[in-house]
Every structure is written in C-alpha cells, then in structure tokens.
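*Asks:* Structure incoming, see below.
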4 protein chains.
Amino acid sequence: MTLTGVFAPLPTPFHANGELDTRRFRDALARWISTPLAGFVVLGSNGEAVFLDEEETDRAIATARESVPRGRPLIVGTGRESTRATIRATKRAGDLGADFVLVRTPGFFKSQMTNDAFVRHYSAVADASPVPVLLYNFTAVTGVNLLPAAVARLAAHPNIVGMKESGGDIAQIGDLVSGTPERFAVLAGTTSTFYAALCVGCVGGVLAPACVVPDVCVRLFELTRAGRHDEARALQAGLVPLARLLGPVYGVPGLKAALKLAGYDVGDPRSPLAPVSEEAVAALRQAIAQLEQTTVVSKQS
Amino acid sequence: MTLTGVFAPLPTPFHANGELDTRRFRDALARWISTPLAGFVVLGSNGEAVFLDEEETDRAIATARESVPRGRPLIVGTGRESTRATIRATKRAGDLGADFVLVRTPGFFKSQMTNDAFVRHYSAVADASPVPVLLYNFTAVTGVNLLPAAVARLAAHPNIVGMKESGGDIAQIGDLVSGTPERFAVLAGTTSTFYAALCVGCVGGVLAPACVVPDVCVRLFELTRAGRHDEARALQAGLVPLARLLGPVYGVPGLKAALKLAGYDVGDPRSPLAPVSEEAVAALRQAIAQLEQTTVVSKQS
Amino acid sequence: MTLTGVFAPLPTPFHANGELDTRRFRDALARWISTPLAGFVVLGSNGEAVFLDEEETDRAIATARESVPRGRPLIVGTGRESTRATIRATKRAGDLGADFVLVRTPGFFKSQMTNDAFVRHYSAVADASPVPVLLYNFTAVTGVNLLPAAVARLAAHPNIVGMKESGGDIAQIGDLVSGTPERFAVLAGTTSTFYAALCVGCVGGVLAPACVVPDVCVRLFELTRAGRHDEARALQAGLVPLARLLGPVYGVPGLKAALKLAGYDVGDPRSPLAPVSEEAVAALRQAIAQLEQTTVVSKQS
Amino acid sequence: MTLTGVFAPLPTPFHANGELDTRRFRDALARWISTPLAGFVVLGSNGEAVFLDEEETDRAIATARESVPRGRPLIVGTGRESTRATIRATKRAGDLGADFVLVRTPGFFKSQMTNDAFVRHYSAVADASPVPVLLYNFTAVTGVNLLPAAVARLAAHPNIVGMKESGGDIAQIGDLVSGTPERFAVLAGTTSTFYAALCVGCVGGVLAPACVVPDVCVRLFELTRAGRHDEARALQAGLVPLARLLGPVYGVPGLKAALKLAGYDVGDPRSPLAPVSEEAVAALRQAIAQLEQTTVVSKQS
C-alpha cells in the first residue's frame, strides 16, 4: 500500500448532545470515499482525538474501517503522552484494521523531549506495533520539534515507514527528505506550503482542505507531479485563503463549518471548542466560492 | 480551609515495572505529612498525571486521601482537554475526597483558546464540581495563556476560589492579584520567583522543591510574611539553583532523582521520560548540599 | 555620585520641521530638574537616539549638561553597533560632561552575541571610557540577552559600575543582583515590575513614566525603601495602566503625547514614528487622571 | 536592468587595524566580477554596514562602482532607522552610482512598526530616491516583519521595483509573489530554501554562499529555471550545510573565513564580531570540499 497523494484528516462527528455519532460519520465517509483522495486519516488533530476516550476511539476506528475499502490507506492517529498508552492505542488500532498508525510526538514535558527521548519512544512503539508506523510532528500544537536528526535515526527502523510533518518550514522538510531513504514517505501537513513541499520531495500531504475540496487538492498534487509548475503555483495561491481559515484562523470549528457548507453533516466540535461565528461562516463561504471560481478558470485555460 | 502557604506538587511513584505503586506513595506521603507544608497537590504536572489512565488516577487520589489528614488541603489535578472529561474527572476526584480541584487549561487547540473559551470551559466545570475549583495556568507546558482579563471574570464564580499561576511573569501575577477580589487565592508555581510573587500579593505557592526541601520553602514563605525581606531575599537566592534543576533543566526525572537523594522512594518516571544521568544526580546532590549550608548559615545569623 | 532612586529617560524634542530643538529641550529640562527625580538619562531608547546623527547627539548632550546641576547624575546613552563607534561616542559624551554612559548591547548580529562577545565589547568600552560605564540590556528592542553570567564577569571591571535591565523577568534581575557585588548598581527599566524589582534588590529604576509623573514614581520607590509594602504594592498596581501605554502600547509617540498632556512641549517623534491617534491621547489622558486619583487617595489614607 | 538571477551580498574588507580597506575590496571585486553572478549587493547585512560611518559608506560604494561594470546591477544597502537618514543615505548612494538601493526595514521601535508605518517610510524614501528602490525584510535580524499586505501596497509605487525577503517562510514568499504585479521582483535571501523560493515565484536570490561558491549558486538557479527539478533539488540539498555555516551558525565571521579559504583576502570583521575559531574554519573547509564533490558528481551525471 502506497503513501502517495492527498490524504484527508477526517473530523469526528458528534451528536447535538455531544456523543460520538457513528451514523453521521458513516454517511460522511461514504461521500469522502467517492472522491479521488488517496486515503484517510482518522483520529488525528482534526479528528478531535484528544477529546475522545478510549472506547469512543475504538468505535470511531471501527466505523471508518467498515467504510474505507481495503487497498485505500486508512491511517489512525494513536499518539498518547506515555509510551505505554501509545503502544496500547496502537495495538488496538491495528486490531481494528488500521493500515498505518500516525503517532504524534508526546510533548507535555517539553524540556525533556530530546532526540534520544523521541528515538526511545518511537522505537518502542514501532517494535510493538502490528502495523507500519508514521511519525507525526506538529510543533505548533505540541510545542516540541521532532528534528531531522532524530527522524534520520528512526527511519532505519523497519516498521517506521514515513512521517507527517505539519510544520511549514520548507528547509526542515528538505532535510527530512534528504536525510531519509527513498522508501521513507514524507507527507506534508500544511496546505499553504503543499506545492513547495512537493517540490522539495514530499510524496503527498494530509491536508484539512482535502476534506472540503478534495478535487482541488488532488489536482494540485497531480499538476505538480506532472511538472506543470505554473498551473500548480497558481492553484496553490488560490487555495491559500481557504487553507488559512481552516488552519490557524478557525481550526477544527472552521473545518466543521466549512463541511456543513459543502453538504457534509459532521456536527459541532466538543467543548471547549465552539461553533464558529456567523462572520466566520461567511468568510468560509466566500473562500470556497472564490476557490471554485479559480479552479474553473484554471481548468478552462 | 485556607489556601495559604507552601504546597508540594507530589510526584506519583511507579514500580520498576511501570505500574502505579500505591505502597511507595503511602510511605512517601507519611513523611511529607510530617513536614510543615500547608497542603498537597496530587496529579499535577509533577505527578505525571498525563501518563495515568482514569483508573490509576482514582487509585492515586484514594491513596492520598487516606494519608492526608482532614483539615490539611488535598488538591487534585483534574484538567483534561475536553470540558466533559474534565467534569467527569472533577466529580470523581470530589467523590474520592479532594478538598479542591486544580484544573489546568486545555491547550491542544491553541488558536481557539480565547478568553471566552476559557470562561466557558471553567464556568461549566465550576458549575458541575462538588468541590471548590482552582484555575491553573502553565503556559510553558500548555502553550496557552490564561490572561488576567479572563481570570477576573472567572473569579466572580462562587465555586472558583483561586488559581495556580506557574509562569514567572511578575507583572502578570500582579495583574491577577489586583484584578481579583481578596478572597481569590493566587498561588505561585515558579520557585525562582516565589519571593517576588509573595511581594506582589500571592498568598502561597505550589513548589516542586517543597517536595525535597519543605522546611526551606516554608521558611522562605514565613520570612516574607514576617516582613524580614533581606533574609527572605537571601534564602530565595539560595534556593534558585536547586529550583532550576528541578524545573526547566531536569523536570520530573530530576525531582524523582532528588527525592531519592533525600531518602524518598518514589521510583522512576514513565517513558518517554527516563531517569536522569549520573551527572544530573551529582548536580542535584551538590545543589541540595549547598542549599542546606545556606540555610544553616541563615538560621545562625 | 550615587545611582539610587528614580531616573527619567528623557525624550529628545524636535521642531515641527524635524530638526533637533535644543530650546524646547532646555525648557523641559528646567521643569524636570524641579522634580525630586534622582537623575536623568539622555539619548536612551526613549530619547530616539537611533534617529540622531553624531553632531545632533553632541548638541543634545551639551544642552542637558548645561541644565542638569552637577551632583545630580546625568547619564548618556552611547551604545552603537560596533565597538569602535561605541568608544568614540563614549569619549565624546565624557568630554561633554556625562557623569555615566549607558551602553546598550549591540544586537544586529544576534547569533554571534555570545557571553564572550559581550565581555569583549564592554571591556574595551570600559577600558577606554573617561567616565563610569553602565551596561544596558533591553532584549525586547535588541533581540539579544545580556545574561547574568556575562554581567557577573563584567562587574569585576573597575569602570563598570552598574546596569540597566529593561526586561521584566524578575528571576533574571534576582540573578543579576545576587551575582554581582554590592557596589554594582542594578537599575530596573520596566515600570510594571518596578516594585518587585526593588524587592529583589534593584537600587532604582529608569522609568518612562518618571518623565510624566515623577512624583508618583519617586513615591513608589520611597514607600518600598521604607518597608511600607502594602502601600507600595497598591501604588504599583495604580501605575501599571499608564506604564503599559507609555511602554509596549504606544512607545515613544505615547510618551511624547503624554508629556504634552502634562504641559511639556517636546514635539513629535521622528519618522517612521508618528504622533499617536486621538484615541491614544484619550487613553493616555484617562490613565493619567486615574493615576492622580489613586495617588490622592493613597496619600490621604 | 533586470533583477533576475543570483546576486552576492559582498562583505566589506577591513585592514588589520580595523580601517576600511578599499584596496582589498577592489581586488576581491575583480574576482567576483569574473564569475557568472548576475550582480552585487554592497553594504547589506553581510557588508557589516551597521559598523560603518557615513564617510566609510561612501568610499565603499565608490570603490564598488569603479569595479562593477555598468549593465551589471550594483545594489547598495541604504537602510537607516530614521526616514530622514535613510533618504540621505539613499541620495548619496544614487549620486555615487548605485543602480538600486536596498532599504532594510527600520526595526528599533518594534511595537510601532505597523503596516502603515512601513508604507509611510518606504513611500517617502521612494519618492526621494534618484534610483529604484528594493524593500528588504530580514526579520531574524530586525525583529519586525514587513508583511505581504504592506508590500502589496508599496508595490504600486513606481519607484519600488522589488524586494529582498530574507526569511525562509515559503508561505510568506508565495504571498509576496501572488500579491504583487509581475514587474515586482521578489529576491530570496535564505540559501537553504532558495530552490523552493524559486519554485514559488522568486526571480532570483541574494545569497551569502554566492560570494564563496558563485558557480554552484548560479547553477542551482539555472537548473531550476530549466525545469530540471531533480538535479536542482539535489544541488540544493548539497548546498545546505555550507549555507547554514555561513548563515545562522557563524554569520559574517564565517563568511569572511570561508572567503579566505577560497582565496579571497577580505580581512576580519569589526568588533564586537571576532574571527571564528579553528574548529569553525575546519567545518567550513569540510563543507566547501563536500559541496565541490557533490557538484562534480552532479555535473558528471
């Protein structure tokens, strides 16, 4: 199973009463599966995984596994703060049918998270995991940085097959690519630098906008792969405004609001997150409309 | 029950096999209780709470409650990322005998943690809590800042009675004190600025070194309270080197190592944390010895 | 000549046409000298020194020297990016009658400004200076940090007699005090932590609000010195809103606007700075009025 | 005159006694001119411009102008903290034959440097400048960020023809390109992201390594322009180690040491900078050797 192309980091739908809503999830999955997306990440940051207990976690994975056809990568976020909890979550995800696990760096005790600590943690997880492991660095959220030097060491582990780098530092992404073997897949996690990340060697991306406008994201990937750089650059520029709203500006609440606009019924985020304001909805609506226009023009030319 | 004086943020002992070790915890508690400390925090940051599952959490609280005599505040950390999980943990802690709960800010979705989001979160928790609530701001760990403007609003809630501010920004602590009513207890969480924090109006502190050298920390508090500023300042300066080793430098692994040196048997931290190096142990030993010397001299003079 | 008490970092008046206005400066100096301020800093950050050429610099110093009576410290900012330019400016300031020079850290080549580089720079300046040297650390402006370890080394130089620490990190100020001999004067540069800085051992401060409300600042110093901590703390809290407006919020343009409100005619700042908005003037007016009320109440009680 | 390709930010040679050494500069210029570099920047950050007085500045410009043939862009750094000093330096540079001026953002009064302040400053400079103006953003040095929104406004000025963006934030560079008209030249200032910056629309770069290994830098530019992305990416990766040593690690002292290794005689930096250590020289030597090997291999394949 290949880790190339555009993956969507799926949100987790909740009922109005706050409970996990597997029915809504199943319905939304049916639609995502009909898009040209390469695969799916469940229980990542955008999946509000930190808000779910372990039992809910299992139900969410099982629901996704029933929906996502074999052969299309189902990646499951299983990072926890302790190594033992991460291993337990990883094993359960494997048992429930995950194709890969995506393991976010522990980050609570920031000053202690040296390269050695990361290598120890990930090696133990990879040793115990029944499925291939993807590293996951998201410094803006965790406050720690999984450096290329640590990744280069971890890439030698036979059960560590790639990583998601959610930072937009293209120099660091370049180091990750040049410091790891060909078989190690570096996936980009920041949409506003996706094109540049592909240029410096990423083989794909896990992009929040891919949940909302999967065709646009896939087209950006394909244009770049085909060496049609001018078109790719223009599409990248067109995607930036929506990407910012779904990322740093409105985050998960923005993603869920944008999905409602796009006809997906994924409910509201759990508290302390709250639904976005009417102004935010208007900004999202405009960004989507503008992007659709850009894309139409780009396809016609 | 008053929230004045020096509180110790207790570590959680583990077996060599990584399991929670309630026997070791009970033995250590017996000794901490014999010191002049005002009270105790369990399952705070130093208690590796993020590494415990909910069942272990309950056992740790029950163990502490059996040991800590009524009348001496037992404060229990119950912060989780979601409001619902925080409420559940808070209710359970109350049922298990906590006198107060200490609720760290959620911080995963940093960009969404506005003043309004914090007010919403803490108000819901305080509404549901069977015991008085303490806010808990630890920006270095969470990456978010619970600002004085939000605290001023929350201090009006009848079930929110104080806060622990773990940052060393004395201007911010001054704002917290001047922006809240007299009855609202502001506790300092940084040892290297403890004396200054008391000067600007903190009524006490939750200090990692208080686990290791409780007498010194209590004496610093009492000297300041008694207006003996020159002595307090000198003792504060003497405490700084150990405080730095137990805080930013070696963190929880350093605290556990220092406790071993002081005759407490609290085991090692859970992975990805690891026991500190021999060099670190030597540095801790020296800092403790130096501090004891300072204190002896200070008491004689 | 002693470096104790409250010093005002004087702004440099300009004509409406942007030229240095020594007449306005003389008039304002006459008034500042009539206050109980301990002494004066000219050509510091608040003096827009970075906007003056060397000839203007000399005229500003000469003007101040004519006005400030001998026996009342006149401190002149002479920091430049290169050691040679700093030495030249320092010598000229000494020739023009400066009692002390205040030498801001070079900071352009940030990554190269190690402790050793700072020690080399300041030692060369102090060797060459005809008058005693004050170190000057202002990390928010320079982006570099003159650490206590470097200061401890420099404090051994016979011609380095103190420093201005403009950061509000009270732990760092504590380290500066405890790491230097008694004769080495540590002056605070942040008003919002002035009381705390005095508590941990500063012997005075260089405070922008001292230009506008010298009596209040001097009273805060004296209350603290007299051990009247409750009153000092209350006055400190009352001073914070104005201090913030004159510091991080409106900076030098705010200081010049506040001085106009207080009846000083110091003109506008040089471009790219610009006069503050009407809203800013209103906010400054309110902060000054509020502070005066606080002070009256405090004096009556 | 076109602003396309690789430009070298030339260091300023000094005598052993610290004086400006125009003879050494002339000799070094003769060699740089013989390379395929598109043009030259004098008195930029790497030129230690902040260490020169105005008279030295003029001599350095005149020396460069005598050497650099007409038709090959000579860009002169003229940024000062005040608008008036910047205008004066700009006019003098124009009189001395600069083809373009490169105007670094003022950054001393950081909190006041809003978009409006930058627009005001640069508009006044461009109005007064006898030659076309390039904006210059170098946040790591200045601590302020000239945002794409301000640049978009300034790009409408007929005498502002481009900018140097020294940050490595590729998303920001993408915004600069997409937010300005075709005629506005965006030049990259960070070597480790040069290839990516070209991908997102930069038309060239001002790169410290171009002083030392001009052929490699020019080849990287040409490979990218020719759409030979795999070769460009490989060469970029090979260039990174040297680029880091000349940038964040050893800065200007490292650049001058590397130039000595490459046979250029440019003397030592001015104090407080100091010549690099022997270890640094060894690291530079190795990085240059390694890069030459990479390049040979790359040319053969």
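*Asks:* Please list 3J(HN,Hα) in residue order for region B:135-152, calculated via the Karplus relation 6.51 cos²θ - 1.76 cosθ + 1.60 where θ = phi - 60°; whole Hz, with x for glycine and proline.
*Replies:* Values per residue, Gly and Pro as x: 5, 8, 10, 9, 4, 4, 9, 8, x, 10, 10, 7, 7, x, 4, 6, 5, 4 Hz.
*Asks:* Follow-up question, since we're still on this one. Please give the charge dipole size of chain D, origin at the Cα centre, charges +1 on K and R Cβ atoms and -1 on D and E Cβ atoms. Round to the nearest 20 debye.
*Replies:* Numbers: 29 positive and 28 negative charges, 74 e Å.
Using only the charged Cβ atoms, the result is roughly 360 debye.
*Asks:* Go through chain D and flag any cysteine with no other cysteine's C-beta closer than 4.7 Å, please.
*Replies:* D:202, D:211, D:217
*Asks:* I've got another one for you. Calculate one ³J(HN,Hα) per residue across region B:3-20 by plugging θ = phi - 60° into the Karplus curve 6.51 cos²θ - 1.76 cosθ + 1.60, and present them in order as whole Hz with x for glycine and proline.
*Replies:* For region B:3-20, the Karplus-derived couplings read 9, 10, x, 9, 10, 9, x, 6, x, 9, x, 10, 4, 4, 7, x, 6, 4 Hz, x marking Gly and Pro.
*Asks:* Moving on. Under 27 Å Cα to Cα from residue C:256, which lysines show up? Leave out anything in the same chain fewer than 8 places away.
*Replies:* Counting by Cα, and skipping residues close in sequence, residue C:256 has these lysines nearby: C:164, D:110.
*Asks:* Quick check: at a probe of 1.4 Å, how many percent of the accessible area of chain C sits on carbon and sulfur atoms? Kindly include the intermediate steps, with their values, before the conclusion.
*Replies:* On the way: 5550 of 10400 Å².
That share works out to 53 percent.
*Asks:* Could you rank A:48, B:279 by how accessible they are, 1.4 Å probe, largest area first? Numbers along the way, then the final one.
*Replies:* Values: A:48 0, B:279 130 Å².
Ranked list, largest accessible area first: B:279, A:48.
*Asks:* Classify region A:187-235: rounded, prolate or oblate, from the alpha-carbon gyration tensor (a ≥ b ≥ c, eigenvalue square roots; a/c under 1.5 rounded; otherwise prolate if a/b is larger than b/c)? Walk me through the intermediate numbers first.
*Replies:* Numbers: a/c = 1.82, a/b = 1.21, b/c = 1.50.
Cα axes put region A:187-235 in the oblate bin.
*Asks:* Further question: Hey, got a sec? Which trypsin sites (Lys or Arg not before Pro) in region A:210-251 land in a DSSP loop and have at most 16 other Cβ atoms within 10 Å?
*Replies:* Values: sites: A:219, A:225, A:228, A:233, A:244; in loops: A:228.
Taking region A:210-251 and a limit of 16 other Cβ atoms within 10 Å, the loop trypsin sites (Lys or Arg not before Pro) found are A:228.
*Asks:* Taking a probe of 1.4 Å and counting only protein heavy atoms, give the total accessible area buried between chains D and A in Å², rounded to the nearest 100. Mind dumping the intermediate values first?
*Replies:* On the way: alone 12410 and 12410 Å², together 23670 Å².
Heavy-atom accessible area buried at this interface is about 1200 Å².
*Asks:* Using a 7 Å offset from Cα along the direction of the beta-carbon, what are the separations from residue A:115 to the same position in each other copy, nm, ascending?
*Replies:* So the distances to the same position in the other copies read 2.4, 4.1, 4.4 nm.
*Asks:* Beyond 28 Å, what percent of the Cα pairs of chain D remain? Write down the numbers at each step before the final one.
*Replies:* On the way: 15147 of 45150 pairs.
Of the Cα pairs, 34 percent sit more than 28 Å apart.
*Asks:* In angstroms, what radius of gyration and Dmax does region B:143-230 have, counting Cα atoms only?
*Replies:* Rg, Dmax (Cα atoms, Å): 13.1, 38.
*Asks:* Of all chymotrypsin sites (Phe, Trp or Tyr not before Pro) in region C:21-71, which ones are in loop regions per DSSP and have a Cβ with at most 12 other Cβ atoms within 10 Å? Could you put the intermediate results ahead of the total?
*Replies:* Details: sites: C:25, C:32, C:40, C:51; in loops: none.
The qualifying sites: there are none.
*Asks:* Here's something else I'd like to know. Can you list the residues of region D:217-262 whose accessible area drops by at least 50 Å² going from the chain on its own to the full set of protein chains, with a 1.4 Å probe?
*Replies:* D:233
*Asks:* OK, next. Please work out the average accessible area per residue across chain A, using the 1.4 Å probe convention, and give it in Å².
*Replies:* Per-residue value: 35 Å².
*Asks:* Going 7 Å from Cα along the Cα-Cβ axis for the label, what nanometre distances separate residue A:182 from the same residue across the other copies?
*Replies:* Result, one decimal in nm: 4.0, 7.5, 7.7.
*Asks:* Would you calculate, for the protein assembly as shown, the mean residue ellipticity at 222 nm contributed by helices, counting each DSSP H stretch of 4 or more residues as -39,500 (n - 2.57) and dividing by all residues, to the nearest 500?
*Replies:* Working: 52 runs with 580 residues, N = 1204.
Theoretical 222 nm ellipticity from helices: -14500 deg cm²/dmol.
*Asks:* So how exposed is residue C:166, as accessible area in Å² (1.4 Å probe, rounded to 10)?
*Replies:* Near enough 10 Å² of accessible area.
*Asks:* Continuing with the same structure: Not counting ligands, DNA or RNA, and with a 1.4 Å probe, what is residue D:278's accessible surface area in Å² rounded to the nearest 10?
*Replies:* Counting only protein heavy atoms, the figure is 140 Å².
*Asks:* Using a 1.4 angstrom probe on protein heavy atoms only, which residues from region A:32-77 are buried by at least 40 Å² of accessible area when all chains are present rather than their own chain alone?
*Replies:* Buried by the other chains: A:50, A:51.
*Asks:* A further question follows. Quick one: check the C-alpha center-to-center distance for region B:250-277 versus region B:167-239, whole angstrom.
*Replies:* After rounding, the separation between the Cα centres reads 25 Å.
*Asks:* Check each residue of region A:152-181 and keep those whose accessible area, probe 1.4 Å, is at least 30 Å² smaller with all protein chains in place than in the chain alone; give them in order of residue number.
*Replies:* Going by heavy-atom accessible area, the residues of region A:152-181 that drop by at least 30 Å² are A:170, A:171, A:175.
*Asks:* Need one word for the protein assembly as shown: rounded, prolate or oblate. Basis is the Cα gyration tensor (sqrt eigenvalues a ≥ b ≥ c); a/c below 1.5 gives rounded, then a/b vs b/c decides.
*Replies:* oblate
*Asks:* Where a ≥ b ≥ c are the square roots of the eigenvalues of the C-alpha gyration tensor, would you call region D:1-101 rounded, which needs a/c under 1.5, or, failing that, prolate if a/b is larger than b/c, or oblate?
*Replies:* Details: a/c = 1.78, a/b = 1.11, b/c = 1.60.
Because a/c hits 1.5 or more and a/b fails to exceed b/c, region D:1-101 counts as oblate.
*Asks:* Rank D:232, D:156, D:64 by mean-square fluctuation in a GNM of chain D with C-alpha springs under 10 angstrom and give only the top-ranked residue.
*Replies:* D:156
*Asks:* Follow-up question, since we're still on this one. Give a quick list of trypsin sites (Lys or Arg not before Pro) in region C:66-103 that DSSP marks as loop, anything other than H, G, I, E or B, with at most 16 other Cβ atoms within 10 Å.
*Replies:* Details: sites: C:70, C:80, C:84, C:88, C:91, C:92; in loops: C:70, C:80.
Counting only loop positions with at most 16 other Cβ atoms within 10 Å, the trypsin sites (Lys or Arg not before Pro) in region C:66-103 are C:70.
*Asks:* Using 7 Å Cα-to-Cβ label points, what is the residue D:249/residue B:66 separation (nm, one decimal)?
*Replies:* 5.7 nm
The values are calculated or read from the model by the stated rules, or taken from the named source; none is laboratory data. Predicted model only: the values in this text are computed from it and were never measured. Using ideal geometry, Cβ is built from the backbone for each residue, glycine included, and neighbour counts are taken over all protein chains shown. The accessibility values were calculated without ligands, DNA or RNA, using every heavy atom of the protein model including side chains. Shrake-Rupley method; radii C 1.70, N 1.55, O 1.52, S 1.80 Å.
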